[in-house]
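A quick write-up on the structure given underneath.
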Amino acid sequence: RICGAVDRERTLAMIKPDGLSGNYTDKIKEAILESGFDIVQETVVLLDAERASLFYAEHAERSFFDSLVKYMTSGPVHAMVLERHDAITHWRALIGPTDARKAKASHPNSIRAMCGLDSEKNCVHGSDSLQSAAREISFFFRDAKSETVEHDEL
Ligand code: RTP
Ligand code: MG
């Protein structure tokens, strides 16, 4: 790569319980590596209700929150720190829309089209901003650098 180490960004990817129980881990990791991400850290953990609620705290007032927490605690999740140029945007594009039915209809090559079911059980998560990436990476990886590599002004 001409750019070398500059201009790389980190995002938090997570395979949700339905992704693990459906045995999609290998296919998802294949898609990740084929799309030019490096997997720089990973861990498989079972969240309890308190941890899942904390992770999705921004949705605490939503009608789907209790159901979301139940879903996210129904089995282990596989969290990964992904790194590449524009990692946050590229990972959100690769997973596809929140509703897996919409993903199947309009983004057939997305990960949610491959392994998701509906607007809740959508098999993967991706950070939606630099701030949430930093927060979510430190949520799973205590000793991780919470900031991304700074861009060099060219
Ligand atoms: P995520 O945070 O998991 O990457 O998903 P997202 O940004 O695409 O969607 P978001 O609005 O942040 O919602 C978080 C998760 O809550 C569940 N959800 N259920 N029943 C529903 O209408 C509903 N809406 C969202 C999904 O699991 C979604 O990924
Ligand atoms: Mg979200």
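Label points 7 Å out from Cα along the Cβ direction at Asp48 and Asp118: separation in nm?
2.9
Return Glu136, Glu50 ranked ascending by Cβ neighbour count within 10 Å, so the fewest neighbours appear first.
Ordered from fewest to most neighbouring Cβ atoms within 10 Å, Glu136, Glu50 come out as Glu50, Glu136.
So for the chain, averaging the separation of alpha carbon pairs under 8 Å that are six or more residues apart and normalising by length, what relative contact order in percent results?
35
Cα convex hull of region 22-154: how many Å³ per residue?
122
Counting other C-beta atoms within 10 Å, which of Val45, Val81 has the fewest, and how do the rest follow?
Val45, Val81
Which far-off residues, 5 or more places away or on another chain, put their amide H under 5 Å from the one on Gln41, with H placed in the peptide plane?
Val81
Taking amide H positions as placed 1.01 Å from N in the peptide plane, with prolines and chain starts having none, which residues 5 or more places from Val124, or on another chain, fall under 5 Å of its amide H?
Lys16
Arrange Thr73, Thr43 by Cβ neighbour counts within 10 Å, fewest through most, would you?
Lowest to highest Cβ neighbour count: Thr43, Thr73.
Taken together, the values in this text are just the output of simple stated rules run on the coordinates, not laboratory data. All values reported here derive from a predicted model rather than from experimental measurement. Note that we place each Cβ from the backbone using ideal geometry, even for glycine, and neighbour counts take in every protein chain shown.
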